[in-house]
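*Asks:* I have a structure here, written as structure tokens, and I will follow up with some questions on it.
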Amino acid sequence: MKKIYIKTWGCQMNEYDSSLISNILKKKLNYKRTNVSEQADILILNTCSIREKAQEKLFHQLGRWKTLKKNKKDLIIAVGGCVATQEKKKIYKRAPLVNIIFGPKTIHRLPKMIEELELKKKKICNVNAKKIKKYSYYKNNITQKISAYISIMEGCNKFCSYCIVPRTRGREINRTPQDILLEANFLAKNGTKEITLLGQNVNSYISKFSNGSICNFSQLIELISNIQDIKRIKFLTSNPMEFTDDLIKIYKNIPKLSNSLHLPVQSGSNKILKKMRRKYTISEYKEIIKKIRKYRPNIYITSDFIVGFPGETHEDFKKTLKLIKDIKFDMSFSFIYSPRPGTPAYRLHDEINLQEKKERLYLLQKKINKNTKFFSQKMIGTYQKVLVEKQIYVNKIKKLCGKTTNNRLVIFEGSKKLIGKCSYIKILQANMQTLQGKYVK
Ligand code: 5AD
Ligand code: SF4
């Protein structure tokens, strides 16, 4: 049996794609996934190009794989994901050791590409497809996952001025609700208790039932919440641009919906938001959060931020800090702006020096880390409903871990039988995002 090693970078969509890749190669070519790169017959890199650093990582990794290729002449190296879609054959110029280049939409063609490569001994580049055919392969790997992802849509039509995603993942393509429900039911039957719905813009999800009637994102969540064995629903990533009232209302109607919402704001300044082509204002963003908090007063809000966007003054940055104070963000992913070739912002004059950008990033992260710590410590002494996910070893001692409804990781001692169940845990200690607790019931 041949072996495949996959290295994944980037977002949860890439993680989802990587598991599909291994399912597809297992079904079609009987490959088995390995965690040891030296044992593999094919090495796959599933890449991300959202920031320049992520893109450069690809070539460093390929450099490290050079020796493996020297030692095993017929080793196949394939590069997929967003860098592959963007750079295409250009990758061969910098890294001639690569054999196959594929994109997020062509992973179902990988078996054919491998066969063709073995037959013709010619490099292959196949990154574009009109339809996405990979999804049906979720069935080909039955491993119990307490918490699982389902991709519901792919691509983005928003074209924020800094973002490469619409150019790498393409325009939005939505799966049908029937298809998504089949996958959700399949997972539930195989032990999944928590589903995270994935997409670049999940709240712009729009599709049709087989009878022709429309299904939007809030309806889709409602349908999934009807699956009895699914106890918790999350989604990633949503956008303030289409956070409509029907979606806000499901925070009232669907208790299974997680008590943590990741809603990237990017900046606290309307001027910068406009330059970023994010089509909302700070007061509109605040209004969304206010409405959600009416139904869920304790919801935890997390966000993405970009600092140092061209034209961001001290005043603009202060507005971001003020927003952090007003919303009390629980956590964030925050980045220094990275100019991406091919995006409209790439041409903007970037007058802020790197030291200043680093300083702003540091200040922002310090402020949010303080919130994270504050919220975690506030949980000490409380009883939290934890969905138990797996057994782990902490200092050679077997423990269990799971997540609270506000997405904190909790570690505690308990029987393996609790895996997959919601348990009540008393929180004893808090360390940023990780909590230590004691099993209660
Ligand atoms: N530079 C820095 N950060 C970026 N992001 C997207 N594009 C860029 C860029 N060019 C960030 C945004 C987005 C997250 C996934 O990555 O904050 O929400
Ligand atoms: Fe990129 Fe904006 Fe689309 Fe998000 S909404 S993927 S930031 S273009």
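The values are calculated or read from the model by the stated rules, or taken from the named source; none is laboratory data. All values derive from a computational prediction rather than experimental measurement. Cβ atoms come from the backbone with ideal geometry, glycine included; neighbour counts cover every protein chain shown. We work out accessible area using only protein heavy atoms, side chains counted, and drop any ligands, DNA or RNA first. Shrake-Rupley method; radii C 1.70, N 1.55, O 1.52, S 1.80 Å.
*Asks:* Out of everything in the stretch 282-308 that is among the β-branched types (Val, Ile, Thr) and away from ligand 2 (no atom under 16 Å from the Cβ), what residue ends up being nearest to Leu354 (Cα to Cα)? Spell out the reasoning first.
*Replies:* Taking the stretch 282-308 and keeping what is among the β-branched types (Val, Ile, Thr), we get 282, 288-289, 292, 299, 301-302, 306-307.
Then drop every residue that is not away from ligand 2 (no atom under 16 Å from the Cβ), which leaves 282, 289, 292, 299, 301.
Values: Ile282: 26, Ile289: 33, Ile292: 37, Ile299: 35, Ile301: 29 Å.
The extreme case among them is Ile282.
*Asks:* Does the stretch 418-440 contain at least one residue that is open to solvent by 20 Å² or more (accessible area, probe 1.4 Å), modelled with pLDDT under 95, of a type outside the set (Asp, Glu) and in a strand (DSSP E or B)?
*Replies:* Kept after step one, since they are open to solvent by 20 Å² or more (accessible area, probe 1.4 Å), are these residues of the stretch 418-440: 418-419, 421-422, 424, 426, 428-434, 436, 438-440.
Adding the requirement that they be modelled with pLDDT under 95 leaves 431-434.
Still in the running and of a type outside the set (Asp, Glu): 431-434.
This time we only want the ones that are in a strand (DSSP E or B), so: 431, 434.
For the stretch 418-440, residues open to solvent by 20 Å² or more (accessible area, probe 1.4 Å), modelled with pLDDT under 95, of a type outside the set (Asp, Glu) and in a strand (DSSP E or B): present.
*Asks:* Filter the stretch 124-178 down to the residues that are aliphatic (A, V, I, L, M) and within 16 Å of ligand 1 (Cβ to nearest atom) and list them by number.
*Replies:* Listed by number, the residues that qualify are Met153, Ile164, Val165.
*Asks:* For the stretch 14-27, does any single residue satisfy the condition of being outside any strand (DSSP E or B), open to solvent by 20 Å² or more (accessible area, probe 1.4 Å) and within 16 Å of ligand 1 (Cβ to nearest atom)? Break it down into steps so the answer makes sense when it comes.
*Replies:* Of the residues in the stretch 14-27, the ones outside any strand (DSSP E or B) are 14-27.
In the following step, the residues that additionally are open to solvent by 20 Å² or more (accessible area, probe 1.4 Å) were identified as 15, 19, 26-27.
Pick out the ones that are also within 16 Å of ligand 1 (Cβ to nearest atom) and you get 15.
Yes, there is a match, as at least one residue in the stretch 14-27 is outside any strand (DSSP E or B), open to solvent by 20 Å² or more (accessible area, probe 1.4 Å) and within 16 Å of ligand 1 (Cβ to nearest atom).
*Asks:* Could you list, in sequence order, all residues of the stretch 132-143 that are among the aliphatic types (A, V, I, L, M) and part of a helix (DSSP H, G or I)? Break it down stepwise before answering.
*Replies:* Just the residues of the stretch 132-143 that are among the aliphatic types (A, V, I, L, M), to begin with: 132, 142.
Across the stretch 132-143, there are no qualifying residues.
*Asks:* Related question: Just for the stretch 50-94: of the residues that are away from ligand 2 (no atom under 16 Å from the Cβ) and touching a residue at least 60 places away in the same chain (Cβ under 8 Å), which one is surrounded by the most Cβ atoms within 10 Å (Cβ to Cβ)? Quick ask: steps written out before the conclusion?
*Replies:* Looking only at the stretch 50-94, we keep the residues that are away from ligand 2 (no atom under 16 Å from the Cβ), and these are 53, 56-80, 84, 87-94.
So of that shortlist, the ones also touching a residue at least 60 places away in the same chain (Cβ under 8 Å) come out as 53, 80.
Working: Lys53: 11, Gly80: 26.
Looking at residues that are away from ligand 2 (no atom under 16 Å from the Cβ) and touching a residue at least 60 places away in the same chain (Cβ under 8 Å), I get Gly80.
*Asks:* From the residues in the stretch 95-112 that are crowded, with 21+ Cβ neighbours inside 10 Å and among the hydrophobic types (A, V, I, L, M, F, W, C), which one is nearest to Gly63 (Cα to Cα)? It would help to see each step written out before you state the result.
*Replies:* Looking only at the stretch 95-112, we keep the residues that are crowded, with 21+ Cβ neighbours inside 10 Å, and these are 98-107, 110.
Restricting the remaining residues to those that are among the hydrophobic types (A, V, I, L, M, F, W, C) gives 98, 100-102, 107, 110.
On the way: Val98: 11, Ile100: 16, Ile101: 16, Phe102: 19, Ile107: 24, Leu110: 23 Å.
Applying the filter and picking the extreme gives Val98.
*Asks:* Do you know which residues across the stretch 113-140 are within 29 Å of Gly191 (Cα to Cα), free of Cβ contacts under 8 Å to residues at least 60 places away in the same chain and open to solvent by less than 40 Å² (accessible area, probe 1.4 Å)?
*Replies:* Ile132
*Asks:* Something else about it: Using the structure shown, decide if Ile306 is more than 24 Å from Phe217 (Cα to Cα), of a type in the set (Val, Ile, Thr), at pLDDT 95 or above and under 19 Å from the mean Cα position of the chain (by Cα). Steps first, answer last, please.
*Replies:* Details: more than 24 Å from Phe217 (Cα to Cα): yes; of a type in the set (Val, Ile, Thr): yes; at pLDDT 95 or above: yes; under 19 Å from the mean Cα position of the chain (by Cα): yes.
Yes: the conditions hold for Ile306.
*Asks:* Does Glu222 satisfy being within 16 Å of ligand 1 (Cβ to nearest atom), open to solvent by 10 Å² or more (accessible area, probe 1.4 Å) and over 17 Å from the mean Cα position of the chain (by Cα)?
*Replies:* Details: within 16 Å of ligand 1 (Cβ to nearest atom): no; open to solvent by 10 Å² or more (accessible area, probe 1.4 Å): yes; over 17 Å from the mean Cα position of the chain (by Cα): yes.
The answer is no for Glu222.
*Asks:* Here's something else I'd like to know. Across the stretch 309-335, what is the total count of residues that are within 11 Å of ligand 1 (Cβ to nearest atom), under 30 Å from Thr404 (Cα atoms) and open to solvent by less than 50 Å² (accessible area, probe 1.4 Å)?
*Replies:* 2
*Asks:* So, in the stretch 183-202, how many residues would count as being assigned to a helix (DSSP H, G or I), surrounded by fewer than 22 Cβ atoms within 10 Å (Cβ to Cβ) and within 16 Å of ligand 1 (Cβ to nearest atom)?
*Replies:* Result for the stretch 183-202: 0.
*Asks:* Here is a further query. Only one of Asn371, Asn395, Asn353 is of a type outside the set (Ser, Thr, Tyr), out of contact with any helix residue (DSSP H, G or I) (no Cβ under 6 Å at 6 or more places or on another chain) and surrounded by 15 or more Cβ atoms within 10 Å (Cβ to Cβ). Can you tell me which?
*Replies:* Details: Asn395 fails: surrounded by 15 or more Cβ atoms within 10 Å (Cβ to Cβ); Asn353 fails: surrounded by 15 or more Cβ atoms within 10 Å (Cβ to Cβ).
After applying the criteria, what remains is Asn371.
*Asks:* Have a look at Ser161, Ser147, Ser151 and point out the one that is closer than 30 Å to Lys231 by Cα, hydroxyl-bearing (Ser, Thr, Tyr) and open to solvent by less than 10 Å² (accessible area, probe 1.4 Å). Steps first, answer last, please.
*Replies:* Values: Ser161 fails: closer than 30 Å to Lys231 by Cα; Ser147 fails: open to solvent by less than 10 Å² (accessible area, probe 1.4 Å).
Answer to the check: Ser151.
*Asks:* Does Lys275 count as within 14 Å of ligand 1 (Cβ to nearest atom) and open to solvent by 60 Å² or more (accessible area, probe 1.4 Å)? If you could, list the steps in order and put the result at the bottom.
*Replies:* On the way: within 14 Å of ligand 1 (Cβ to nearest atom): yes; open to solvent by 60 Å² or more (accessible area, probe 1.4 Å): yes.
Yes: the conditions hold for Lys275.
*Asks:* Another question about this same structure. So the check is Cβ under 9 Å with 6+ separation or different chains; which pairs have a first residue in the stretch 238-263 that's in contact (Cβ under 8 Å) with a residue 12 or more places away in the chain and closer than 19 Å to Leu387 by Cα and a second one that's among the acidic types (Asp, Glu) and more than 16 Å from ligand 2 (Cβ to nearest atom)?
*Replies:* Filtered contacts from the stretch 238-263: Ile254/Glu222; Ser258/Glu194; Ser260/Asp330.
*Asks:* A further question follows. What residue, of Asp326, Asp350, Asp316, is closer than 26 Å to Arg167 by Cα and among the charged types (D, E, K, R)? Even if it seems obvious, please write down each step before you answer.
*Replies:* Values: Asp326 fails: closer than 26 Å to Arg167 by Cα; Asp316 fails: closer than 26 Å to Arg167 by Cα.
It is Asp350.
*Asks:* Within the stretch 212-219, can one find any residue that is more than 16 Å from ligand 2 (Cβ to nearest atom), part of a loop (DSSP other than H, G, I, E, B) and more than 19 Å from the chain's Cα centre (by Cα)? Break it down stepwise before answering.
*Replies:* From the stretch 212-219, those more than 16 Å from ligand 2 (Cβ to nearest atom) are 212-216, 218-219; that's our starting set.
Narrowing further to those that are part of a loop (DSSP other than H, G, I, E, B): 212-213.
Those still in the list that are more than 19 Å from the chain's Cα centre (by Cα) too: 212-213.
Yes, because at least one residue in the stretch 212-219 is more than 16 Å from ligand 2 (Cβ to nearest atom), part of a loop (DSSP other than H, G, I, E, B) and more than 19 Å from the chain's Cα centre (by Cα).
*Asks:* I'd like to check something: does the stretch 153-173 contain any residue that is in a loop (DSSP other than H, G, I, E, B) and among the acidic types (Asp, Glu)?
*Replies:* As a first pass, look at the stretch 153-173 and keep what is in a loop (DSSP other than H, G, I, E, B): 155-164, 169-172.
After this cut, where a residue has to be among the acidic types (Asp, Glu) as well, the list is 172.
For the stretch 153-173, residues in a loop (DSSP other than H, G, I, E, B) and among the acidic types (Asp, Glu): present.
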